[in-house]
Amino acid sequence: MKRIFLLTLAAALGLCAGACQKEPSDAERKAEIERQVQERLAAEHQAEEQQKMAQRQAELNAREQALNERENRATTTAPPTATVAPTAQTRSETAESETSSYATFYQKLDPYGDWIETGDYGFVFQPRPAAQSNDWRPYTNGHWVYTDAGWTWISEEPFGWATYHYGRWIRLRNVGWLWVPGEQWAPAWVSWRKGSDYVGWAPLPPEAHFDRQTGIRNWADNYYDIGPEQYSFVPANEFGRKLSPREIVPLDRNVTIINQTTNVTNIVYNNSLVVDRGPSYDELRARSQQPIERFRLERTQNLEQDRPVIRGQVVALPTVDFHPTERATRPNRVVRKIAEPEVEHGWTGIRDPQAAAKAREKMRAEATPPLKLPPKQFVRPKPPKAVPPGPAPVQITPPAFTPAPGAIVRTTPASTPGSKGPTAQPSPPGSVKVTPNESPSVRPRPTRPAVSPAATATPSDLVSPTGVMFSPKETDRNRREKERAPREEKRREHQEQKAQRRTEREQQMSERREKNAERPAATPSPVPSKNEATPAPSPIPATTATPAPAAENVPNENQSPPAHERRKSRKPRGNKPAPPSPSVSPATP
């Protein structure tokens, strides 16, 4: 019995051990399957993203090629056109719009730094932290968010609403970082580099002119000579968090990181807005430990709130209206003047020349510039010039009026504002009524002086004659002026033709009145009363032949009959017989 019991107990223990071993194996198998599924999904997602990026790059290349072919075709087939020189008024208006629009910057940024006048870039702004420390760099105190305008810099500094969304940055030797004002708004004016471990950005220089067709792409650092010391790198898993200068990778490691990263700058113009796409949002969101959310961008005109405001899924940034009432041409306080500034491009601090040469070659190899690169020259805005006075108004004196011989001229005094005006008085036939400073015919309309083609020529919709980009408001105004010019010309021609026809009609009417005045008036017969019987019409006696009247008394066939003849030709109303018509003998010459 004991042996049977022991065997049964051993069998039961064996079954329990087998069951316990099967449960962990099933859990491990499920975990392994789940891990393989996740890896496969991640690989498929990465492959789809790479395919989408390749497709977008191919579409962009095809679009750029089509635009270049269209431009080349237009330049080869377009007939030569005459170049219109800009007038003094156009140049002064352009310069005034460039300088007067900076009045807001001059006033709002003055408490946070100093304004310096330079020989090449005009008035530039140096923040107080940049003047106090040589290690300060732009775009290092804040964080990045992704909006419908791409990567947008949210600054923690009080001057960031202007210096990180308008204008460009430059670094001068023995001075530090300086901000050059500009009018075009963007979420950030930076050049991007990205690798497997690091993400970096560098402020664009003033020579980086934004063209709406070409934009600014991966050739930015090579074309504008942006060195490694200009970049600010952070680990890819920390991108999106609030940054300070302590979280930025030290400068001595930038040369090594440049050789491990690729330029992914992609600043384009889309739907009347500058978009900074830069590195892939999905890749950075997958790698970053900080959640990177999407926001909707809202630009406001309220400069009282100079800090970015995030409300839910909306980020509000203050912007500038470039048509202020004040016309300031320079800052109120300029601390110093630099006649010949020395620009540092970010290569002077590199001690290893081989590493610097390798970094230059890396930038040059990965750049794919377009066929037509934008100009690499900064155009300094000039102060507004005095607008020359326009042409003097043309005064046309009406011709003197000479009345006809024998006509009675009666003058009527001009009415005063308080009076009811002159009353109409009957004048005998053959008299002409003339008011002071007025001729009987319509006064000729003063013709406008002919406008030269140089005065009517307007600049193009996008670029001024000096090469400066117009703002969207100025572009819209130029387009409306171009559309309004032919309509105004047609309206003037129509008014001149109408005035000419009116003058001809008045002259014809005055000639008819003169001819009617020379004819003798017939004496009307008395109208019989109602109670008197209407006498029978007497036979018209035979008249003797009279000589023909003079040529001047013969009525014109085209002129209308006098009033008394028109009254005779009317039909009588009711049963009343028509009164007898008196016999009128022609006047003896």
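The values are calculated or read from the model by the stated rules, or taken from the named source; none is laboratory data. Computed from a prediction, not measured in an experiment: that's the story for all the values here. Cβ placement follows ideal geometry from the backbone for every residue including glycine, while neighbour counts extend to all protein chains displayed.
Before moving on, here are some points about what is shown:
- Some residue of the stretch 351-359 being at pLDDT below 90, assigned by TED's automatic domain parsing to the domain that holds Asn302 and under 30 Å from Trp179 (Cβ atoms): yes
- Filter pass, Ser191 being at pLDDT below 95 and small (Gly, Ala, Ser): no
- From the list Gly176, Gly167, Gly182, Gly160, the lone residue that is assigned by TED's automatic domain parsing to the domain that holds Pro341, within 33 Å of the chain's Cα centre (by Cα) and at positive phi is Gly167.
- A Cβ distance below 8 Å, combined with a sequence gap of six or more or placement on separate chains, defines the contacts here; from the stretch 296-315, residues that are within 16 Å of Gly160 (Cα to Cα) and in the same structural domain as Trp151 (by TED's automatic domain parsing) reach residues that are loosely packed, with under 12 Cβ neighbours inside 10 Å and not β-branched (Val, Ile, Thr) in the pairs Gln301/Asp321.
- Residue match in the stretch 257-275 (condition: outside any strand (DSSP E or B), under 39 Å from the mean Cα position of the chain (by Cα), of a type outside the set (S, T, N, Q) and over 30 Å from Thr348 (Cα atoms)): yes
- Residue match in the stretch 116-125 (condition: among the charged types (D, E, K, R), assigned to a strand (DSSP E or B) and either in contact with a Lys or Arg (Cβ under 6 Å, 6 or more places away or on another chain) or farther than 21 Å from Asp221 by Cα (or both)): yes
- Test: residue in the stretch 193-201 that is within 27 Å of Val379 (Cα to Cα) and not in a loop (DSSP other than H, G, I, E, B): yes
- Residue count, the stretch 156-185 (criterion: in contact with a Pro (Cβ under 6 Å, 6 or more places away or on another chain) and free of Cβ contacts under 8 Å to residues at least 40 places away in the same chain): 2
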